[in-house]
Structures are given as C-alpha cells and as structure tokens.
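So the structure is just underneath, and the comments pick up after that.
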C-alpha cells in the first residue's frame with residue numbers, strides 16, 4: 001500500500017494577517033503498487049501531451065483551470081482512493097496547535113491517518129519533502145509514536161520526497177488543492193474540481 005500525502009492552505013493561524021482560514025491534508029492511497037506506476041506514467045504522458053517539459057510540476061495553485069481539469073480527468077480512471085481532513089481553523093481551540101505551525105501540521109497528518117476505519121495498514125507513506133533534517137526526524141518520530149502499535153501498524157516506512165521529481169506527490173497536491181478550493185468557497189470554480197474526483201473520495205472529514 002502506497003500513500004501520498006500533501007496539504008493545501010497553510011498551517012498558520014494568523015488569518016487576519018493572511019493565513020488561510022482552511023487547511024487540508026489529503027491522502028492519495030494506492031492498494032496496488034503497479035496501479036501507482038500506471039498512474040505515474042499517465043501523468044507523464046499528459047505532461048508531454050500538454051507540451052510541457054519533463055521538469056514541469058503539476059501544482060494546483062500554479063495551474064490554469066484547463067490544466068487542473070485535464071489532470072483530474074487523466075487520473076480519475078485509475079485505481080486509487082482519497083481520504084482527507086478539512087480544518088476550519090476558527091474551530092481549533094488548542095493553544096499548542098495554534099502557536100506552532102509544525103505541531104499543527106504533524107497533528108493534522110496524524111489525525112487523517114489515525115481515523116482511517118482500518119483502511120490504511122502497513123503502508124509506505126510519501127510526504128512532500130519540505131523542512132530541514134531535524135524537522136523531518138521529529139515528524140517521523142511523532143507519527144511512529146502516535147500511529148504504530150505492536151499489534152497494528154498504520155505505516156511501516158515513511159519517506160520525504162521531492163515533489164518536483166515525483167508526479168504522484170504532485171497528484172496529492174492537485175487533489176488537496178481541489179478539496180481546499182471547494183471548502184474555501186472564495187472562487188467561482190470552487191466546486192468544479194472536487195466534482196471530477198468525487199467518486200474516488202472514500203472519506204472527507206470536516207474537523208469540528
């Protein structure tokens with residue numbers, strides 16, 4: 001089982017100074033590694049079809065409407081499922097989470113993986129590789145402590161990967177962005193993208 005994880009919005013709480021009012025963590029889950037490989041090939045072929053270079057990175061916030069739609073239509077025929085959590089920051093009460101972006105980010109990942117109804121087991125996790133070495137080490141330690149028990153392990157390996165070189169992390173970015181756009185409600189196309197992959201969404205949890 002492969003799980004690609006990315007976020008949309010930002011983990012800060014200074015909404016009045018420009019932080020996003022909503023924060024999303026999305027998990028793109030492949031139960032079959034061969035299906036993941038097929039999806040990656042299709043994304044690379046789409047990049048060529050769009051006449052983009054092999055170094056072009058699909059990102060929701062940097063893409064046009066046409067590219068977002070083309071991307072989602074490309075991937076939705078493959079075998080994957082999506083689990084995501086949407087935080088309305090105004091409903092978060094914890095002082096620690098509100099004062100530390102790192103704590104909130106780690107907590108958000110832990111929460112979406114923890115409440116998986118038994119559908120994520122012994123997974124290989126792939127996270128977008130931002131942050132320094134110390135930060136990454138602390139995230140791994142925290143998630144192992146919170147998610148893995150001797151009798152039940154949510155994941156067996158976690159790797160930080162460079163999104164520029166990994167099209168499936170790019171896929172998680174586009175899907176997280178689609179969910180964020182839907183719940184932020186700030187744009188005229190807010191519901192358009194999530195609708196394209198709605199059947200792939202296994203769970204979309206609004207944190208309250």
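Quick note: the coordinates plus some simple rules give every number you see, no bench work behind them. Treat the numbers as computed from the prediction; the structure is a model and nothing was measured. Glycine also receives a Cβ, built like all others from the backbone with ideal geometry; neighbour counts cover every protein chain displayed.
Beta bridges from DSSP with both residues in the chain: antiparallel share about 50 percent, rounded to the nearest 5.
Please state the shape class of the stretch 72-132: rounded when a/c is under 1.5, otherwise prolate if a/b exceeds b/c and oblate if not, all from the C-alpha gyration tensor. Since a/c reaches 1.5 and a/b is larger than b/c, the shape of the stretch 72-132 is classed as prolate.
Taking a ≥ b ≥ c as the square roots of the eigenvalues of the alpha carbon gyration tensor, the chain is oblate, as a/c is not under 1.5 and a/b does not beat b/c. At an R0 of 45 angstrom, the distance between the Cβ atoms of residue 34 and residue 99 translates into a FRET efficiency of 0.55.
Between 47, 164, 93, the GNM of the chain built on Cα springs shorter than 10 angstrom shows 93 fluctuating the most. When each of 1, 171 is scored by the number of other beta-carbon atoms lying within 10 Å, the sequence from fewest to most is 1, 171.
Listed by Cβ neighbour count within 10 Å, with the fewest neighbours leading, 52, 141 appear as 141, 52. Suppose R0 equals 25 Å. What FRET efficiency, 1/(1 + (r/R0)^6) with r the Cβ-Cβ distance, do residue 61 and residue 153 give to the nearest 0.05? Efficiency, rounded to the nearest 0.05: 0.15. Distance between the pseudo-spin-label points of residue 198 and residue 50 (7 Å out from Cα toward the beta carbon): 2.4 nm. When you count the other C-beta atoms within 10 angstrom of each residue and take the mean per peptide, 125-135, 146-156, 101-111 line up highest first as 101-111, 125-135, 146-156.
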